Every structure is written in structure tokens, then in C-alpha cells.
Amino acid sequence: MKAAPRVGVLDELRGFAALYVACAHVVLHNLNLATVWSRLPWLFGQEMVMMFFLISGAAIRLSAQHRPVAGSWVFLQRRFLRLFPMIVLGLAAGYAAAAIEAADWRPVRPAELLGNLLFLQDFAPVKPGTICSTYYGNAMLWSLSYEWWFYVLFFAISSKVPVALRTHVAGAVAVMGVAALAVWPNGPSYWAAYFIAWWAGGTLVDPDPRERRRALAWMLVTVAGVTLLAARAGGFSETPWRPGVYPLLIVRHLGITAVLFGILVFAGPWLRGVAQKRLRGFAWAAPMSYALYVVHYPLASDARWLARTGLPAGAASALVYGGIALGIAWLAEKYYQPLVRGWLLRLPGLRAAA
């Protein structure tokens, strides 16, 4: 079976987003940027993650168009083969950094480890009601649970819902997630609320332009819902605004995604041309974007594991830590991912996904 077609602009955007998130975290954690203006260019990591969701939705929809297995178990098996090795890599990186820093083995934390392996994690410090936290503080792992459950929802909708109703069902899932958050913040409701962002990305490659307008409408409804949720929680009046903490964090995430998606809907062809000209040099990072994303935080950003070597803080530590993370990401994509995939394909339940 032929591989899904590559769309250059998706690779360029994916590579740019991955490098930006990694660089932003490395710079902010290792360099003492004293002024607001010096920090400002590096404060959009959250927005880049939401761009990842849009890109992922587009890439998966494009793949489903070329290889129509979205409604079969083979789809989930293939996505598992891609995602599971990366989450194991992120877990190992977080644990290794903590153990090296302490110069001793650290507790395994079995419940937290199992929760991450089952894609149940979220960044608990800023979201109440999460099932479990990211393992050993590797904050980037939060979005991998969302990615997996987006695949599950996409599979369910693709296999059970008529084509004409799919975007409406995706929007209804998001609205129901927001409604549930208003009553009881919980992990599945977060995944449901964010799903429209991922689904909307998929409509960018849908041959029917009406799907994009429908997705935008549902996104705006969802943003209105989370804005009302934030107001109800007192985020706008009784307490100071905290855009990095629930509930304003949800407004920030879905609001910026709605803006990005709206721009892509109405100015997509022009932006595609700009991206292909201005971001052409970032496509090389696309193949290792997942690996870089999951290892950079414990190994390069929130990193002190080389402190015993006498490594000077500042630019030196930023370059060394960043270089190590980039090198490990390259090695992981070139050697680790194919190796683990080969092991997994030996399992009877996954052989059909080869």
C-alpha cells in the first residue's frame, strides 16, 4: 500500500512549531531575560501546541482520504504504533533526568506511570479534575493524551456517523464537553472540549469548503461556551486573570485556535504561499517533531541534570541542553521509533497495521 501523500506546508508548519516550542522553553528556562520585550517572542508555546492540533487533524484527514481505514480498527492500530513509542520515550526522558539530577534511582510512581501509558495524563497543576499528572514533571506529555483520544473520537465518528453529519457531531461533542466542565471538571470532558480544534484542522483538507465553515461555527460556539464557563467561575471579575490556569487557559487555547483556523479558512491559499516561502527551511525538523516535543522539556528546558558537571548557566547551558535534546530526538526518530515499531508489530493484535 502506498504511503499517504506529503503536503510540504504541513511539514514546514510542524517543523516550525516543534522547534519554536523547544526553543521557547529552553530560552525561558536557561536565559535570564529580564524585560517583558525580551521574553515576549518566546511566550507563545501554548499557541504552537494548538497549531499542532490543527496540523495533526489535517494530516490524519489527508491520510484517511488516501488510505480509507479511518472507520476500521487498523486506523487506531497505526496511530498507536506512532504514538506509543513516543510517550514511552517521554516517560524515560523525564525519569532519567530526575534520576541523574538526584544521583540516585527515583521512585517509579506506578499509578502515575500506568496513567501515562494509558493516555490519561494532563498537566494537573493548571487543570482541576485531571485523572493523573504528567510523569516526573514532563509537562509536554499532556497533549499526547489529547492526541490519542482525538484519534479514538475520529475513529468513532468515521465508522458510525454519515459524512454529512460528522462535523456537526464533532461540534456537539465539544459543546457537551464544555457543559460537563461547567458542572464537574474531569479528564474526558477536557478531551471532548478540545476535539473541535483537532477536527477543524481536518476540514482544511476536506474537498467540501462548507465543512470548514461548519467547523468554524462550532468552534465559535465552543469558545463562547468556555468564555461563559470562565465568567461563571469568576475568572473575569472576582479573581485576577490567570491565562495559564483553568478556566481562562481553556479560553486561551480554544480562542486562539478559533482565530488561527478562521484566518486559515479565509486566507488559506495566500498563507500557504507565505509559509512555503518563509518556512521552507523548517521541514527538516518535521519527521522528528514528536520526539523533540516529548524529550525537550526534561532534557533541555526544566533541566538541571548536568549541574554536577559545572556547566555554566545561561547561554552555555541553553546550547548544551538544547543540542542534547535535538540529538536524542534525531536518534529516536531514526533508530528508536522503527525498532519499537518492529517489536510491537510482533504482537498478534497489531500485525494488521503493518
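No value in this document is a laboratory result; all are computed from the given coordinates. If you're wondering where the values come from, they're calculated on a predicted model, not measured in any experiment. Methodologically, a virtual Cβ is constructed for each residue, glycine included, from the backbone with ideal geometry; neighbour enumeration extends over all protein chains shown.
Quote the relative contact order of the chain in percent (integer), defining contacts as alpha-carbon pairs under 8 Å separated by 6+ residues.
29 percent
Mind checking the alpha-carbon convex hull of region 8-353 and giving the volume per residue in Å³?
149 Å³
Below 8 Å, C-alpha to C-alpha, sequence gap of six or more: please give me the relative contact order for region 26-138 in percent.
17 percent.
How far is it, in nm, from the label point at ALA96 to the one at ALA111 when both lie 7 Å from their Cα along the line to the Cβ?
Here the modelled spin labels are 2.8 nm apart.
Which of TRP73, THR222, HIS29 sits closest to the plus end of the dipole of the chain, meaning its Cα is farthest towards the positive end, when Lys and Arg get +1 and Asp and Glu get -1 on the C-beta?
Result: TRP73, furthest along the dipole toward the positive end.
Along the Cα→Cβ direction, 7 angstrom out, place labels at GLN65 and ALA315. What is the inter-label distance in nm?
Result: 4.6 nm between the two label points.
Within the chain, which complete DSSP H helices have Cα atoms spanning at least 15 Å along the helix axis and a mean Kyte-Doolittle hydropathy of 1.6 or higher?
Span-like helices in the chain: 315-331.
Between ALA217 and ASP104, what is the spin-label point distance in nm, taking each point 7 Å from the Cα along the Cα→C-beta axis?
6.1 nm
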